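Student: The structure's right below; bear with me while I get my questions together.
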Amino acid sequence: MSDVQAVVGAEAQELGDGRTLSNRELLRALLRKPQFVLCSLLLLVFFAMAAVPKLFTSADPRFCELAKSRQGRGPGHPFGFDIQGCDYFANVIYGARPSVLVSICASFGVFVLAGSLGLLAGYFPGFVDGLISRTADVLFSIPGIVVLIVILNSVANRSIWIIVGVILLIGWPGGMRLMRATVFSVRNREYVLAARSIGVPPVRILRKHVFPNAMAPLLAMTTLGIGGMVGLEAALTFLGVGLQPPSISWGSQFGVAASYRDTPHLFIWPALFISTMTISFMIIGDSIRDALDPKLMR
C-alpha cells in the first residue's frame with residue numbers, strides 16, 4: 001500500500017506542477033494578445049469607476065438645476081445634462097457600479113453553482129445525477145427572460161442582490177451541463193482511479209483532481225457570458241423590472257432616453273459605455289477560450 005501511495009503522491013505532485021506551468025503558459029499566451037491587454041486595461045478602468053467614482057468626477061450626480069435640463073455639453077460638463085439638469089457625466093460614471101456588480105457577482109455565482117452541481121452530477125451517476133439533471137431540464141423548458149420579468153415584477157424593493165439572486169436561480173443549468181460532460185471524461189482517468197484505490201475521500205478527489213482538470217470549458221463559457229450579464233442588467237432596468245430610483249444605472253438612463261429621442265446624448269453615452277464593457281468582456285472570454293483550446297496549445 002505504501003508503494004501505491006508513493007506512486008499516487010508522485011503523480012499528484014507531477015500533476016500539480018503541470019497545472020502551475022500550464023497557468024504560466026496561459027498567462028504568457030494571453031499577454032501576447034494585444035486585444036486581451038487593451039480590453040483588460042479598459043475593464044480595470046470600469047472597475048475603478050465602479051469602486052471609486054470620485055476619482056473620475058467631483059460632481060454630485062444628484063445635484064440638479066432644472067434650467068439646464070437636456071442641455072448639451074459645456075465647460076466642465078462633457079456629457080451635457082439629463083432631463084432634471086443633473087451633470088450627465090457624473091450620472092454615467094456613478095451608473096457603472098450596478099452594471100459591474102451585477103455582471104461580476106452573477107457570473108461568479110453561476111460559475112460556482114454550475115461548477116458544484118456539475119461536479120456532483122458528473123461524478124455521482126444515478127440518483128444525484130438524475131435529480132440535478134431533471135431540475136435543469138425543467139428550468140431549460142421555461143424562457144429565462146420571462147421568468148426574470150415575472151419574479152422581479154413581484155418583488156417590491158429590487159436591489160442589486162435581488163437581481164443577482166434571480167439570475168442565479170435560472171442561469172446555472174447551461175454551465176452545469178457543460179461541467180457534467182467534462183467531469184464524465186475526467187472521472188475515469190488513471191490518477192482519479194488511483195486515488196480511489198487507496199481510499200481517498202470523494203470530496204478530496206473532486207477538489208484536488210477532478211475540478212482543476214474539468215473547469216477550463218466552464219471558465220471560458222463564464223468569461224464569455226459576463227458581457228451578456230451587462231446587457232441583461234441594462235435590459236431589465238429598461239423594461240422596468242430592474243433597479244429602482246434613486247439608484248443610478250446605465251439601464252435606467254436608457255429608459256429615460258427612450259422618452260426623449262430628440263436628445264441623442266441621453267442615449268449615446270450609456271450605450272457607448274455598455275457596448276465597450278460588453279465587447280471587452282467578450283474579447284477577453286474569446287482569448288481565454290482560444291488559449292485553453294487543447295488544439296491550440298499543442
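Student: What is the residue count in the stretch 174-204 for residues that are buried (at least 18 other Cβ atoms within 10 Å of the Cβ) and among the β-branched types (Val, Ile, Thr)?
Tutor: Here the count works out to 4.
Student: While we're looking at this one, here's another question. Give the stretch 130-153 a look and list any residue that's exposed (fewer than 12 other Cβ atoms within 10 Å of the Cβ), of a type in the set (Val, Ile, Thr) and either over 27 Å from THR237 (Cα atoms) or free of Cβ contacts under 8 Å to residues at least 24 places away in the same chain (or both), or say none.
Tutor: Residues satisfying the conditions are VAL138, VAL146.
Student: Another one. Tally the residues that are open to solvent by less than 90 Å² (accessible area, probe 1.4 Å), in a helix (DSSP H, G or I) and of a type outside the set (S, T, N, Q), restricting the search to the stretch 30-53.
Tutor: Result for the stretch 30-53: 14.
Student: May I ask you to say which residue of ALA220, ALA271, ALA235 is under 21 Å from GLY85 (Cα atoms) and open to solvent by less than 50 Å² (accessible area, probe 1.4 Å)?
Tutor: Only one candidate qualifies: ALA271.
Student: Follow-up question, since we're still on this one. Can you list residue pairs whose Cβ atoms sit under 6 Å apart, with the first residue in the stretch 54-76 being open to solvent by 90 Å² or more (accessible area, probe 1.4 Å) and the second being small (Gly, Ala, Ser) and modelled with pLDDT of 85 or more? Count only pairs 6 or more apart in sequence or on different chains.
Tutor: Filtered contacts from the stretch 54-76: LEU66/GLY85; ARG73/GLY80.
Student: Going through PHE267, PHE211, PHE238, PHE281 one at a time, which residue ends up being aromatic (Phe, Trp, Tyr) and at pLDDT below 80? So that I can check it myself, show each step before the final result.
Tutor: Details: PHE267 fails: at pLDDT below 80; PHE211 fails: at pLDDT below 80; PHE281 fails: at pLDDT below 80.
Every option except PHE238 fails the conditions.
Student: Test each condition in (1) modelled with pLDDT of 90 or more; (2) closer than 30 Å to MET221 by Cα for GLU14 and report the one that comes out false.
Tutor: (1)
A quick yes/no check of all residues on (1) within 19 Å of LEU113 (Cα to Cα); (2) of a type in the set (Phe, Trp, Tyr); (3) not in a loop (DSSP other than H, G, I, E, B):
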{"position": "LYS208", "(1), (2), (3)": "yes, no, yes"}
{"position": "ALA220", "(1), (2), (3)": "yes, no, yes"}
{"position": "ILE226", "(1), (2), (3)": "yes, no, yes"}
{"position": "ALA234", "(1), (2), (3)": "no, no, yes"}
{"position": "PRO246", "(1), (2), (3)": "no, no, no"}
{"position": "SER252", "(1), (2), (3)": "no, no, yes"}
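Student: Check whether at least one residue in the stretch 94-106 is touching a helix residue (DSSP H, G or I) at 6+ places or on another chain (Cβ under 6 Å) and farther than 30 Å from SER259 by Cα, and report yes or no.
Tutor: Yes; the residues of the stretch 94-106 include at least one that is touching a helix residue (DSSP H, G or I) at 6+ places or on another chain (Cβ under 6 Å) and farther than 30 Å from SER259 by Cα.
Student: While we're here: Of all residues being open to solvent by 20 Å² or more (accessible area, probe 1.4 Å) and among the β-branched types (Val, Ile, Thr) in the stretch 77-109, which is nearest to LEU206 (Cα to Cα)? Just the residue, please.
Tutor: Only one residue tops the list, namely ILE104.
Student: Exactly one condition in (1) farther than 24 Å from PHE108 by Cα; (2) buried (at least 17 other Cβ atoms within 10 Å of the Cβ); (3) at pLDDT 85 or above is false for VAL256; which is it?
Tutor: Looking at each condition in turn, VAL256 falls short on (3).
Student: May I pose another question? Would you call LEU272 in a helix (DSSP H, G or I), under 29 Å from ASN91 (Cα atoms) and among the aliphatic types (A, V, I, L, M)?
Tutor: yes
The values are calculated or read from the model by the stated rules, or taken from the named source; none is laboratory data. The structure presented is a predicted model; accordingly, all values stated were derived computationally and were not measured. Glycine also receives a Cβ, built like all others from the backbone with ideal geometry; neighbour counts cover every protein chain displayed. Accessible surface is based on the protein model in full, side chains and every heavy atom, while ligands, DNA and RNA are left aside. Shrake-Rupley method; radii C 1.70, N 1.55, O 1.52, S 1.80 Å.
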